[in-house]
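All remarks here apply to the structure that follows.
The values are calculated or read from the model by the stated rules, or taken from the named source; none is laboratory data. On a predicted model such as this, the values are computed, not experimentally measured, just so you know. Neighbour counts run over all protein chains shown; Cβ positions are idealised from the backbone, glycine included.
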């Protein structure tokens with residue numbers, strides 16, 4: 001695990017938790033400077049993404065505990081905000097439900113919060129593992145992985161999306177071969193409770209409507225009275241499509257200043 005702190009050191013604390021197969025440098029690279037102007041950032045790279053390729057990702061609960069320990073040791077057990085991008089939203093949910101640390105504002109960023117049985121998870125993990133192993137052979141097959149990721153996320157391709165997904169695919173094949181498989185599997189089988197609620201914590205959902213209506217049902221099941229912010233965008237598009245960047249930054253800032261509902 002690796003934690004990097006930067007930005008306005010006298011500002012409100014914001015924990016940044018990247019998505020599947022991403023370092024924070026890849027996940028947030030287009031918006032990190034803008035966020036650093038406003039917040040004291042605590043940027044997390046999970047086990048397997050911290051530059052030590054000899055130690056792959058372990059599991060969601062082990063990593064969650066390490067994040068909690070860091071917050072307890074370095075921030076008195078409390079942060080003002082935590083933004084979880086995609087899979088990172090699962091970590092935000094786990095941190096809130098476990099109640100070892102306190103988060104005033106938890107942001108679920110386009111997370112699918114998909115869960116299922118270990119049998120299904122093993123099959124899906126095997127498929128993902130084959131994609132990644134194949135992509136590591138040459139650039140042509142790495143491009144095929146990128147195209148598969150774009151299709152899987154239901155993205156409309158443009159120059160900005162193409163550049164981001166190219167970096168994403170390149171990052172995936174550079175990791176320990178077990179890291180992405182373990183991360184994917186563990187996220188799928190680690191249960192997130194229903195009706196999560198903690199006094200003094202507001203859960204804000206950055207809901208990308210183009211993901212489909214079923215995701216809103218999951219958000220309402222897992223969190224009590226979440227603050228759902230709806231945007232007619234693709235999965236986490238604010239990070240790689242500039243026209244969505246400012247609206248989401250404004251929404252985050254509004255939420256961090258209070259519990260205003262729209």
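Return yes or no: is residue 183 assigned to a helix (DSSP H, G or I) and at pLDDT 75 or above? Write out each step before concluding.
Numbers: assigned to a helix (DSSP H, G or I): yes; at pLDDT 75 or above: yes.
Answer is yes for this residue.
Yes or no, residue by residue, for (1) in a helix (DSSP H, G or I); (2) touching a strand residue (DSSP E or B) at 6+ places or on another chain (Cβ under 9 Å); (3) more than 20 Å from residue 246 (Cα to Cα):
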site	(1), (2), (3)
10	no, yes, yes
37	yes, yes, no
42	no, yes, yes
49	no, yes, yes
52	no, yes, yes
61	yes, no, yes
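Just the residues that are under 20 Å from residue 194 (Cβ atoms), in a helix (DSSP H, G or I) and in contact with a strand residue (DSSP E or B) (Cβ under 7 Å, 6 or more places away or on another chain), please, taken from the stretch 216-262. Please lay out each step first, then the result.
Of the stretch 216-262, the ones under 20 Å from residue 194 (Cβ atoms) are 216-228.
After this cut, where a residue has to be in a helix (DSSP H, G or I) as well, the list is 216-222.
Scanning the stretch 216-262 gives 216, 219, 222.
Just to be sure before I move on: is residue 68 assigned to a helix (DSSP H, G or I) and touching a strand residue (DSSP E or B) at 6+ places or on another chain (Cβ under 9 Å) in the structure I sent? Give the steps one after another, and end with the answer.
On the way: assigned to a helix (DSSP H, G or I): yes; touching a strand residue (DSSP E or B) at 6+ places or on another chain (Cβ under 9 Å): no.
Spelling it out, it is not the case that residue 68 is assigned to a helix (DSSP H, G or I) and touching a strand residue (DSSP E or B) at 6+ places or on another chain (Cβ under 9 Å).
Output the residue which, of all residues in the stretch 37-69 that are over 20 Å from residue 178 (Cβ atoms) and surrounded by 18 or more Cβ atoms within 10 Å (Cβ to Cβ), is nearest to the chain's Cα centre (by Cα).
43
Of the conditions (1) assigned to a helix (DSSP H, G or I); (2) in contact with a strand residue (DSSP E or B) (Cβ under 6 Å, 6 or more places away or on another chain); (3) surrounded by fewer than 15 Cβ atoms within 10 Å (Cβ to Cβ), residue 163 fails just one. Which one is it?
(2)
Could you please find all residues in the stretch 66-78 being in contact with a helix residue (DSSP H, G or I) (Cβ under 9 Å, 6 or more places away or on another chain) and without any contact (Cβ under 8 Å) to a residue 24 or more places away in the chain? Explain how you work it out, then say what you get.
Here is the first cut: in the stretch 66-78, the ones in contact with a helix residue (DSSP H, G or I) (Cβ under 9 Å, 6 or more places away or on another chain) are 67-68, 71, 77-78.
Answer for the stretch 66-78, where residues must be in contact with a helix residue (DSSP H, G or I) (Cβ under 9 Å, 6 or more places away or on another chain) and without any contact (Cβ under 8 Å) to a residue 24 or more places away in the chain: there is none.
Going through the stretch 26-35 one residue at a time, which ones are touching a helix residue (DSSP H, G or I) at 6+ places or on another chain (Cβ under 8 Å) and outside any loop (DSSP other than H, G, I, E, B)?
26, 27, 32, 34, 35
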